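Reviewing the structure listed below.
The values are calculated or read from the model by the stated rules, or taken from the named source; none is laboratory data. Everything numeric in this text was worked out from a predicted model, so none of it was measured. Neighbour counts run over all protein chains shown; Cβ positions are idealised from the backbone, glycine included. When the accessible area is computed, the model is the full protein with side chains, heavy atoms only, and any ligands, DNA or RNA have been set aside. Shrake-Rupley method; radii C 1.70, N 1.55, O 1.52, S 1.80 Å.
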There are 2 protein chains.
Amino acid sequence: MRNVIEKTYDSLDAATLERDETLFHSANGYLGVRAVFEEGYGEIRARSVRGAYINGVYDIVPMPQAEPLFGLVDRKQTIVNLAEVQDIKFFSFGHPIAPSGRYSRKLDLGSGISSRSFSIELPSGAMVEAVFERLCPFTRKGSFMIRVRIESDRTIAIDAETTHHCKVTNLADASDPRLASVVHSFLVQDEPFFTSDGVSVCRSTTKESGIRVVSAVLDRIVSASPARAVEDGKAVNRFSLESGSVIFERYVAFSDSRTSSDPERDAILAVLDDSRKGFEAAVADQKKYLANFWERTGLSLEGDDELETALRFNLFELLQSVGKDGLSHLAAKGLSGEGYEGHYFWDTEMYVQPIFTYIMPELSRSLLEYRYSILDKARENASLLGHRKGALFPWRTIDGTECSGFFPAGTAQYHIDGAVAYAIIEYYRMTGDKEFMLDKGLEMLLEISRLWMDLGVFTKRGFELHDVTGPDEYTCIVNNNFYTNASAKFDLAETAKLVREILPSISEKEEAELREFERASASMFLPHDEELGIDLQDDSFIYKKKLDLARIPASDHPMLLHYHPLFLYRHQVLKQADAVLAELLYPQFSDRATMIRSYGYYEAITTHDSSLSKCVYALQAFALGDIEKGYSYFSSSNEIDLEDTHGNTRDGIHTANMGGGYLAFVKGIGGFRVGEKGVSFSPILPEGWRSYSFSVMYKSNRITLKVGKDGAVLSAERPLVVTVHGRDVPIGKEPIVVEI
Amino acid sequence: MRNVIEKTYDSLDAATLERDETLFHSANGYLGVRAVFEEGYGEIRARSVRGAYINGVYDIVPMPQAEPLFGLVDRKQTIVNLAEVQDIKFFSFGHPIAPSGRYSRKLDLGSGISSRSFSIELPSGAMVEAVFERLCPFTRKGSFMIRVRIESDRTIAIDAETTHHCKVTNLADASDPRLASVVHSFLVQDEPFFTSDGVSVCRSTTKESGIRVVSAVLDRIVSASPARAVEDGKAVNRFSLESGSVIFERYVAFSDSRTSSDPERDAILAVLDDSRKGFEAAVADQKKYLANFWERTGLSLEGDDELETALRFNLFELLQSVGKDGLSHLAAKGLSGEGYEGHYFWDTEMYVQPIFTYIMPELSRSLLEYRYSILDKARENASLLGHRKGALFPWRTIDGTECSGFFPAGTAQYHIDGAVAYAIIEYYRMTGDKEFMLDKGLEMLLEISRLWMDLGVFTKRGFELHDVTGPDEYTCIVNNNFYTNASAKFDLAETAKLVREILPSISEKEEAELREFERASASMFLPHDEELGIDLQDDSFIYKKKLDLARIPASDHPMLLHYHPLFLYRHQVLKQADAVLAELLYPQFSDRATMIRSYGYYEAITTHDSSLSKCVYALQAFALGDIEKGYSYFSSSNEIDLEDTHGNTRDGIHTANMGGGYLAFVKGIGGFRVGEKGVSFSPILPEGWRSYSFSVMYKSNRITLKVGKDGAVLSAERPLVVTVHGRDVPIGKEPIVVEI
């Protein structure tokens, strides 16, 4: 198992430090802490974001519209940096114990520990080694810990000064539409205090949303007692000792009023509990949790070490990012940074959630439960937009209300409803979880289908959907976006089918509604050009001006930061896969030749300015049999964060791309699909690979596919029939070999 | 001549007071002063806007974009309320001399005086009559005067307290996108002072745009000397006298650093000059100016007094509104209020400027000179939008830079270029002013045509224009908006023709460019539906959902204040004439049957939520021979301000509608047109009218049309041939009668 991300540097530079705050962050789906140097960066002027975030804890900021048209959103939620819990400084005779040159970072995907180590020589000549280890336990949702080990070749004087406080702000950058533009202080703080056990407690309340957040911290060095004080609104611990070897431990626990009735008590108790059990116990728990996780993935790959590492990193990061309590979702940047202000988009459903559906369906259900929790707000959103029925999920949100500032590239992306429906349908196909469908799933599907009905219009061309924006934001507010229409066509038919299948009885009125769904689905207009033989992105796309992408300099990407929207709208240029994504997800609506031609047509004009693009081109290339191209996109998509190819990893990981990368592996290379009637595989073995494997959980039955030079080996916990390259294959506990 | 607007009220109410501040305002194209009660409204809680504005004097306010996409406008210009110059209060023994019940307002279109009169009984039993007269002389651009006459039936004590200061703000209303949303103080003020002549001088500078503005005021009562003081930043005059008859005069003069190198000196000298000449001299000048104006209009109408009054009122208001110095234009609300923030739109070119082109071409030229003065900014605007050549005039502006906050309903309205081109071409057709064309006109036409070339794309359907917004803002960012395409088709062909006609020689390169213009014009795609037999508003409009306008309650209009833009975009509903306007302006591109069917189709789904709509429906109904319908729209459009049918006259007059109303008279009823080869008339005599007349100035030759029961009578200062109902008619000094 290639389970370690390790980087060693010879010097400190701002860009690397900024990026690594994201790459090496610690999170567990509830809490996320960026991987800053505890002691800061000294002379280096990095744009450090010393952030700690809770998934679902937000504040509200005004977002005035330049022209306040009816119904436009003028307040938005934003994820809040909650506290400084990493401020730990060591000195020896005033000399900071901090790297000035060589240092290493490591993320261990087996233990979940993110660590940093360096050696320095003190002015006294003493050689000191320091290791900082950090952990956000998956089994203790508000907890975070830091352990620092300092070893010297002789006894030295060591002073430590640590703080804990809420005097923090969020990052702002007015020049980038993907970041917040104004610095706000979101917290009203109480004075910190220490408990009799030495736990420092910081309590704050978000200004507009009124969420109470408490962080508790206990700092410990076994051989020394700290002096404790509250100074300038900060809880301070000061240690002084003489030793050749010091172990410092910090235990942190957060709690909030959304998920706890007494967050102060809960945070303090959690810290005391964690500190009593100790750092090693947490490591042991984390290893156990992760061992189970890796086992459930069944992931192995022989023949491309870098790629295996990237895939594991992707999965680990998604596990760190995903909300697990049914009250939170998975933000575009997970809990690793403030990019996109911590908002949840369709990215999760279409790029990430399938992985949980395949591996850990209980987490997928939790994501769907979050969507159900905001269904009423989605109904209100639909009503605000003038719909007489149905629900429209917000394009970007934390608490369920829409946060899109520019509605043509936000609210108008109705296909988010299709994404939610897709996630529900795929979850049901994989799990057969009728209870969930009866309780929540069907209600969401019905409301989504009603929205499609209210949106659309029957014309002589069929059922048409007007004035929506598809996935590609370089073209906004169009008619009959192929992706959106295909998605609605699928949702309407599947909703009718599932309602009939799952509901014990159906009234006449309900039956009439289902028939309308079916009629609209059957007559859905899907734009297609006979001459070019391709599916059309929308009614007008191919009439637009062509743009020679070769003439756009690299520095002009992403183009959205360099060209007026009207310029982009007016040209045949794509930010990301659009019709190609539709053909990947809904191949039943196109024939293979059309898909091959469409791929060629759109690929030539796609900039991949969105991190959601390359993985789709990889997946569809594999599906269409162009292994080389698929592999090339696949590799390139896996570099986005580890190599920072988009240049903005410092603002957070690209979760959708990470999900897409793993999907390219499972669905692209493994050819995995789940349909109405079961699961299928069409595995290939890329050149240079010796073998690979992965598992999926189908109706509580774990199926494992191993592919090697000798073919595919399939096994399952219980007998069932799967399809391999189009042939039915009965499988069971005993591995069965199938030629590929 | 019905030359007086007079209204008498029995009591004071807020809505009337607010509206009348607009209706009875005084302006001369440079300066505008709202008609507040000098003494205020006492107990009445009216939203009074005590404004004084200079055309072209603006400040800049931040307009942050909710999502700061590339190239979006984030600062805008706004007209600035410059000074309080109307604060005049009279008392008798502490009792205010102000109306508490009955009072009258009058606007005399012959003298230009806006007056107010009332009688009150003082507690002492004295009966007092007061008349306030106000004047903004057309011949003294920075001047404004007030004369107050107080007559009592006995000698009484009269105290007057007047102020003059710059401690003023603009109006703000965050709930209405047509108004500014935040109160700003735009002026940095110097301390006021009095000159030795008793002139109070207030000097201020606009904060961001740095325009220096000076107002000078002299208050005079022949029989009394005031005590003068500067108190709390205000220049104060206090008079005390005993008399049965008082005449108070205030002389005001403004000057600004845009148009004067020493505004302080100019304002003081102007006030001294005005006061030396006296109020009556100004009245005499104004009467002379207006007599000449009315003579040039040749306007008469026997048979509909109300309508005649409305037409005269319209013309007078437009004369008050139009910038006459080539450095300013004509704002949507003229100088009567702060609606639309004093911005200039296409409204002027398409609805107002033709009137000046027909009656006072020198004012039309001044408007074109303003456009020329911002041509470089229009080039920059085009470049910002990604165009490699050409100029795109800003959708809304004062100083030439774009102020659209929501670009889909602003900047995307490329048809403003068509409006400017139309104004140039019509100006040239009416005047034959080659000097202007050589100097400025052709350059603008060429830059506009280049923009169309860069915007468009040749496809198998022809030359197409994508992603623009037509006049109807209830549908945004569409392809092949009929109006825009027709406009571009016209501009391209006319530009080529005029360049060839006017330029002494043409290089080969120029010739090649003109041929491209002609090719694009000839192959311009004009969307048309064979089945419906109508011109299509754009590529997709008729596929949209239908909306039963009868089911939209009156309180839901204008719909833009009650429905999300996406709802409006998605339905077949129009804010204002779009394809119908194209068919009116460019009838050569459609046949009569198509225009009749188009009219029927679009009329049924037009809300006329815009004040630019009914006059177009009137004009086109007349053109298509539906006199009854034309007359009904014509009458209704003339009520907008006088009857405040849109409910927002308090924010300013609707200049475009006023222009459209007069055009409905001249072009609708008189059937006047100017083409390449000359002018034509197709007059009708509406039922109930006994006669009417108007004049137009064609190539410095005044042509007068009089229509009565016996036919049309035509005369001209010099012989020429005009077309009447399709027949060539030679006319000259001697009136010639033609049957109609």
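Things to note:
- Test: residue in the stretch A:667-679 that is aromatic (Phe, Trp, Tyr), assigned to a helix (DSSP H, G or I) and within 22 Å of the chain's Cα centre (by Cα): no
- The set of residues in the stretch A:631-662 that are open to solvent by 10 Å² or more (accessible area, probe 1.4 Å) and either polar (S, T, N, Q) or assigned to a helix (DSSP H, G or I) (or both) comprises A:TYR631, A:SER632, A:TYR633, A:SER635, A:SER636, A:ASN638, A:THR645, A:ASN648, A:ARG650, A:ASP651.
- Between B:ALA281, B:ALA331, the distinction of being among the aliphatic types (A, V, I, L, M), modelled with pLDDT of 95 or more and touching a His at 6+ places or on another chain (Cβ under 9 Å) belongs to B:ALA331 only.
- Selection count, the stretch B:403-425, where residues are facing chain A (nearest Cβ under 10 Å) and not small (Gly, Ala, Ser): 6
- Criterion: hydrophobic (A, V, I, L, M, F, W, C), open to solvent by less than 40 Å² (accessible area, probe 1.4 Å) and outside any strand (DSSP E or B) - qualifying residue of A:VAL49, A:VAL61: A:VAL49
- Test result for A:GLU121, away from chain B (no Cβ under 14 Å), among the acidic types (Asp, Glu) and open to solvent by less than 30 Å² (accessible area, probe 1.4 Å): no
- Inside the stretch A:585-622, residues that are of a type in the set (A, V, I, L, M, F, W, C), open to solvent by 20 Å² or more (accessible area, probe 1.4 Å) and under 21 Å from the mean Cα position of the chain (by Cα) make up a count of 1.
- Residue among B:GLU518, B:GLU510, B:GLU501 that is assigned to a helix (DSSP H, G or I), under 26 Å from B:GLN413 (Cβ atoms) and open to solvent by 10 Å² or more (accessible area, probe 1.4 Å): B:GLU518
- Yes/no for A:SER613 being more than 14 Å from chain B (Cβ to nearest Cβ), out of contact with any Lys or Arg (no Cβ under 6 Å at 6 or more places or on another chain) and over 30 Å from B:GLY456 (Cβ atoms): no
- The one condition from (1) more than 14 Å from chain B (Cβ to nearest Cβ); (2) more than 28 Å from A:GLY410 (Cβ to Cβ); (3) not polar (S, T, N, Q) that A:LEU532 does not meet is (1).
- Hits in the stretch B:342-386 (condition: at pLDDT 95 or above, closer than 30 Å to B:PHE70 by Cα and of a type in the set (D, E, K, R)): B:GLU349, B:ARG371, B:ASP376, B:LYS377, B:ARG379, B:GLU380
- B:ALA130 among the small types (Gly, Ala, Ser), modelled with pLDDT of 95 or more and closer than 28 Å to B:SER243 by Cβ: yes
- Just one of the listed residues (B:GLU464, B:GLU447) is more than 9 Å from every other protein chain (Cβ to nearest Cβ), in contact (Cβ under 8 Å) with a residue 24 or more places away in the chain, crowded, with 20+ Cβ neighbours inside 10 Å and of a type in the set (D, E, K, R), namely B:GLU447.
- Of the residues making up the stretch A:528-545, those that are open to solvent by 30 Å² or more (accessible area, probe 1.4 Å), assigned to a loop (DSSP other than H, G, I, E, B) and not aliphatic (A, V, I, L, M) number 3.
- Filter result for A:ALA493 (at pLDDT 95 or above, more than 14 Å from every other protein chain (Cβ to nearest Cβ) and surrounded by 21 or more Cβ atoms within 10 Å (Cβ to Cβ)): no
- Lone qualifier among A:VAL222, A:VAL230, A:VAL201 - being buried (at least 19 other Cβ atoms within 10 Å of the Cβ) and either within 14 Å of chain B (Cβ to nearest Cβ) or of a type in the set (A, V, I, L, M, F, W, C) (or both): A:VAL201
- Members of the stretch B:222-267 that are of a type in the set (Ser, Thr, Tyr) and under 17 Å from B:ALA130 (Cβ atoms): B:SER223, B:SER243, B:SER245
- The lone criterion from (1) open to solvent by 20 Å² or more (accessible area, probe 1.4 Å); (2) in a loop (DSSP other than H, G, I, E, B) left unmet by A:PHE37 is number (1).
- Candidate set: the stretch A:698-710, residues that are closer than 15 Å to A:GLU302 by Cβ and not basic (Lys, Arg); chosen: the one surrounded by the fewest Cβ atoms within 10 Å (Cβ to Cβ): A:ASP710
- For B:GLY400: the one exception among (1) without any contact (Cβ under 8 Å) to a residue 60 or more places away in the chain; (2) away from every other protein chain (no Cβ under 13 Å); (3) open to solvent by 10 Å² or more (accessible area, probe 1.4 Å): (3)
- Taken over the stretch A:114-168, the residue count meeting the criterion of being within 29 Å of the chain's Cα centre (by Cα), of a type in the set (D, E, K, R) and in a strand (DSSP E or B) is 4.
- Selection status of B:ALA267, touching a residue at least 60 places away in the same chain (Cβ under 8 Å), away from every other protein chain (no Cβ under 14 Å) and surrounded by 18 or more Cβ atoms within 10 Å (Cβ to Cβ): yes
- Here the stretch A:555-583 is the region considered, the condition is being of a type in the set (S, T, N, Q) and either within 14 Å of chain B (Cβ to nearest Cβ) or part of a helix (DSSP H, G or I) (or both), and the residue that is surrounded by the most Cβ atoms within 10 Å (Cβ to Cβ) is A:GLN572.
- Hits in the stretch B:377-394 - residues which are among the hydrophobic types (A, V, I, L, M, F, W, C) and open to solvent by 10 Å² or more (accessible area, probe 1.4 Å): B:LEU384
- Wholly enclosed strands (runs of 3 or more DSSP E) of the stretch A:224-306 bearing at least 1 residues of a type in the set (A, V, I, L, M) and under 30 Å from the mean Cα position of the chain (by Cα): A:234-256, A:300-302
- Selection from the stretch B:67-85 of residues that are within 18 Å of B:ALA412 (Cα to Cα) and either touching a helix residue (DSSP H, G or I) at 6+ places or on another chain (Cβ under 9 Å) or away from chain A (no Cβ under 14 Å) (or both): B:GLU67, B:LEU69, B:PHE70, B:GLY71, B:LEU72, B:VAL73, B:LYS76
- Of the set (1) in contact with a helix residue (DSSP H, G or I) (Cβ under 7 Å, 6 or more places away or on another chain); (2) within 14 Å of another protein chain (Cβ to nearest Cβ); (3) crowded, with 20+ Cβ neighbours inside 10 Å, all apply to A:ASN480 but (1).
- For A:ALA486, the criteria (1) open to solvent by less than 10 Å² (accessible area, probe 1.4 Å); (2) within 13 Å of chain B (Cβ to nearest Cβ) hold in every case but one, which is (2).
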